[in-house]
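The values are calculated or read from the model by the stated rules, or taken from the named source; none is laboratory data. Worth saying up front: this structure is predicted, and the values here are computed from it rather than measured. Because the Cβ atoms are built from the backbone with ideal geometry, glycine has one as well, and the counts that use them run over all protein chains shown. Just so you know, the surface numbers come from the protein's heavy atoms only, side chains and all, with ligands and any DNA or RNA stripped out. Shrake-Rupley method; radii C 1.70, N 1.55, O 1.52, S 1.80 Å.
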Amino acid sequence: KTTASKPSRSPTHVQRPRLIFPVHRPLSRMKVKPGTEPATGVPVGGAPGTPTAWSSTGVPFGGAPGAPTAWSSGLFDCFDDCGLCCLTCCCPCITFGKVAEIVDRGATSCGTSGALYVLLASLTGCHWIYSCTYRSKMRAQYALPDEPCCDCCVHYCCEPCALVQEYKELKARGYDPEIGWHLNVERRNGGPGVNPPGMQQMGR
């Protein structure tokens with residue numbers, strides 16, 4: 001018997017996809033378009049070594065709150081204002097009361113703080129402990145450094161100078177301790193009949 005031979009089939013060739021491997025180029029040879037630089041931690045529009053801009057509140061733009069800022073006057077610059085210096089030396093309770101009202105933002109009045117200051121000075125002589133707590137509050141509010149030493153030592157050794165420095169610091173930040181907290185708020189909000197801080201009256 002003769003067996004019929006099966007027709008041979010030609011094998012079909014299947015094209016496999018070619019694998020393309022990406023070529024990694026070093027960053028030094030890559031061309032970067034202006035404005036598309038990778039994040040380097042430098043503020044936008046700035047370069048390493050560029051000084052940071054400071055806001056009116058004493059905190060630098062882009063910086064973390066609490067960064068220490070300098071005092072507007074030194075501890076022993078109290079003689080720049082002879083009237084304030086004489087008042088503080090003779091009646092420190094008045095200067096302290098004005099400072100305490102602004103630092104407490106109206107929670108305590110100038111008279112209350114001043115009377116308590118006199119009471120502590122008369123009975124215990126430790127009034128400087130009470131006043132140094134307000135220096136600490138002020139430093140916390142405006143991120144001021146504890147210079148030239150800690151708050152307790154400053155008020156214990158140089159109580160009048162510390163009060164004058166704190167008073168002048170509030171004035172440098174736009175407050176007027178003479179008029180109290182509430183009038184300062186009206187001034188900052190543009191209240192009737194009161195000019196905002198920093199505005200000068202034009203002469204006739």
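Can you tell me how many residues in the stretch 175-189 are open to solvent by less than 40 Å² (accessible area, probe 1.4 Å), under 16 Å from G114 (Cα atoms) and outside any helix (DSSP H, G or I)?
Matching residues across the stretch 175-189 total 1.
Of all residues in the stretch 143-159 being assigned to a helix (DSSP H, G or I) and in contact with a helix residue (DSSP H, G or I) (Cβ under 7 Å, 6 or more places away or on another chain), which is most open to solvent (accessible area, probe 1.4 Å)?
Y156
For Y130, only one of the following conditions fails: (1) assigned to a helix (DSSP H, G or I); (2) within 14 Å of W181 (Cα to Cα). What is its number?
It fails just one condition, (2).
Which members of the stretch 73-97 meet the condition of being open to solvent by 70 Å² or more (accessible area, probe 1.4 Å) and either part of a loop (DSSP other than H, G, I, E, B) or aromatic (F, W, Y) (or both)?
Within the stretch 73-97, F76, F79 meet the criteria.
Counting just the residues of the stretch 116-132 that are open to solvent by 60 Å² or more (accessible area, probe 1.4 Å) and of a type in the set (A, V, I, L, M, F, W, C), which one comes out farthest from L163 (Cα to Cα)?
My answer is L123.
Go over the candidates A172, A100, A162, A140 one by one and state the one that is open to solvent by less than 10 Å² (accessible area, probe 1.4 Å), of a type outside the set (S, T, Y) and within 17 Å of S72 (Cα to Cα).
A162
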